[in-house]
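The values are calculated or read from the model by the stated rules, or taken from the named source; none is laboratory data. Quantities reported herein were computed from a predicted structural model and do not represent experimental measurements. Neighbour counts are summed over all protein chains in view; Cβ atoms, including those assigned to glycine, are modelled from backbone coordinates with ideal geometry.
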Amino acid sequence: MKIYFLFVLQLQLLAKTISDTEMQIGYRVTLAIPTEYTKGFTGRAFLIETEQMPPKFRAAINVEAVDEKYSCSIDVFLADVRVWSSGHLSRFYTTEKCVLELTKDGDLRLKGGHKERIGWRSGTSGQGVERLYLLRTGNLVLVDAGNFIKWQTFNFPTDIMLWGQRLSSQTRLTSFPTNSTLFYSFEIQDSKIALYINFDKWKYSYWELRPLGDQNITHLQLTSNGLVIFSGRQKIGRVTTMSPEPPRFLALGGGTGNLGLYYYSNEKGKFEASFQAINSTCDLPLACEPHGICTSSGSCSYINVQENLDDLCGKMGTEMTELEGVASVLNGGVYQANVTKEECSNLCLNDCTCAATQYEITDDDSHTGQCSLYRMARGIKKIDGGRRVIYMVKVGEGTRDGHGKKSRLKKWMVILIVVVDGFILFVVLGGLGYCVLLKRRKASRPS
């Protein structure tokens, strides 16, 4: 049995390789945790690495400072990109030490604290596990004496899908924006693959891809040609890479919620995107803060409203105000068809969880349309005047004047958006005019 104690005495990244082959049963390694909390601290020891040309996969025991505590995890890295973590969905917080062990009965465990409380385990006791091994695909596996896999990281996807990995229907990738109660998900459904933003029990899609035909999706696989969609053995769709280099992984970005294929650039020595599902900033769900409108220039304009309407729930004191020339990139949520604009407005006013609505006119004769209710006023962007969409937000009473005139809020928003985009247009046209004038002056000079 090998035992290693690593004491971190300074505030820097610890990246020491302990082993370059595999972990046998009885193996144990310990990382000491600082007695005082230090923001940004990371302690790491690499245990196993693959025998291949860089970039290589490496497995590590990891300690990080998070939310005034220290988390303990086992992670897999491709170069400096974390492609799997035991703490992705649920962190294990501990004090004094972080211990990784492969017990003699074949259970991989993370333990910590004075009494070595178990914070994570593979659950493979009594299954004949002999060793922990890292495959060239980045799949971290527990195998028995016959090299049969008893547990593998590929069965527990996080926010990244690696080359060669398969994801079956009804599974998903998830990622979590920093300091937010929201999270993103990339989901494989029977008829489509889609991106969602999730908030409490609500979720809204903002990108999707449906294969041709009516065949159900059984699984996805990341290949050298891109992400392939299968129905059984038949290929029914594909997300193609735009680079001659094969993609190394597909990632759901925690900062933006965008989905991308990434290849390794030997020239630049880093990973670069060869495909992104969303190419416009304003089509991202969190391009702006709450009640922000993404303009055609990519900047955000904000409306001055009360964000927390919980205190007004069930009481008089709220109303809906209409924002002209804007729409939401989010789809889903509570939906009603064949209703009037007034009925759509009242549906939101009578629902304490509703923050905004989007009303799309479908029948001019009956003055009815489709109404979608949103739990949050996010993902709002400016649109051209061709779409017959009316976006309304719930505001506190008093935003309107008392004489039935248009809302001051709506007027302010229209003016602000026009001013912002008008200024940008003025700068662009002014620059072009200056260039033309300068060329004419040069042409008129005698040679």
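Summary table below
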{"item": "Some residue of the stretch 49-63 being hydroxyl-bearing (Ser, Thr, Tyr), surrounded by fewer than 21 Cβ atoms within 10 Å (Cβ to Cβ) and either in contact (Cβ under 8 Å) with a residue 40 or more places away in the chain or closer than 18 Å to residue 34 by Cα (or both)", "result": "yes"}
{"item": "Residues (more than 25 Å from residue 292 (Cβ to Cβ) and charged (D, E, K, R)) located in the stretch 341-366", "result": "342, 343, 363, 364, 365"}
{"item": "Members of the stretch 214-259 that are over 19 Å from residue 168 (Cα atoms), without any contact (Cβ under 8 Å) to a residue 40 or more places away in the chain and of a type in the set (Gly, Ala, Ser)", "result": "243"}
{"item": "Qualifying residue in the stretch 72-94 (condition: small (Gly, Ala, Ser), closer than 25 Å to residue 163 by Cα, surrounded by 14 or more Cβ atoms within 10 Å (Cβ to Cβ) and over 23 Å from the mean Cα position of the chain (by Cα))", "result": "no"}
{"item": "Qualifying residue in the stretch 254-261 (condition: part of a strand (DSSP E or B) and on the phi > 0 side of the Ramachandran plot)", "result": "no"}
{"item": "Total residues in the stretch 203-218, condition surrounded by fewer than 18 Cβ atoms within 10 Å (Cβ to Cβ) and within 21 Å of the chain's Cα centre (by Cα)", "result": "3"}
{"item": "Filter pass, residue 158 being modelled with pLDDT of 95 or more, over 30 Å from residue 25 (Cβ atoms), among the hydroxyl-bearing types (Ser, Thr, Tyr) and buried (at least 17 other Cβ atoms within 10 Å of the Cβ)", "result": "no"}
{"item": "Among (1) free of Cβ contacts under 8 Å to residues at least 40 places away in the same chain; (2) assigned to a loop (DSSP other than H, G, I, E, B); (3) hydrophobic (A, V, I, L, M, F, W, C); (4) surrounded by 15 or more Cβ atoms within 10 Å (Cβ to Cβ), the one test that residue 278 misses", "result": "(1)"}
{"item": "Of all residues in the stretch 310-337 being of a type in the set (A, V, I, L, M, F, W, C), in contact with a strand residue (DSSP E or B) (Cβ under 6 Å, 6 or more places away or on another chain) and over 12 Å from residue 382 (Cα atoms), the one that is modelled with the lowest pLDDT", "result": "312"}
{"item": "Residues satisfying the stated conditions in the stretch 176-193, i.e. β-branched (Val, Ile, Thr) and within 16 Å of residue 260 (Cα to Cα)", "result": "188, 193"}
{"item": "Qualifying residue in the stretch 211-219 (condition: in a strand (DSSP E or B) and at pLDDT 95 or above)", "result": "yes"}
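Per-residue answers, yes or no, for (1) closer than 27 Å to residue 79 by Cα; (2) touching a Ser or Thr at 6+ places or on another chain (Cβ under 6 Å); (3) surrounded by 17 or more Cβ atoms within 10 Å (Cβ to Cβ); (4) at pLDDT 95 or above:
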residue	(1), (2), (3), (4)
122	yes, no, yes, yes
143	yes, no, yes, yes
148	no, no, no, yes
173	yes, no, yes, yes
181	no, no, no, no
193	no, no, yes, yes
197	no, no, yes, yes
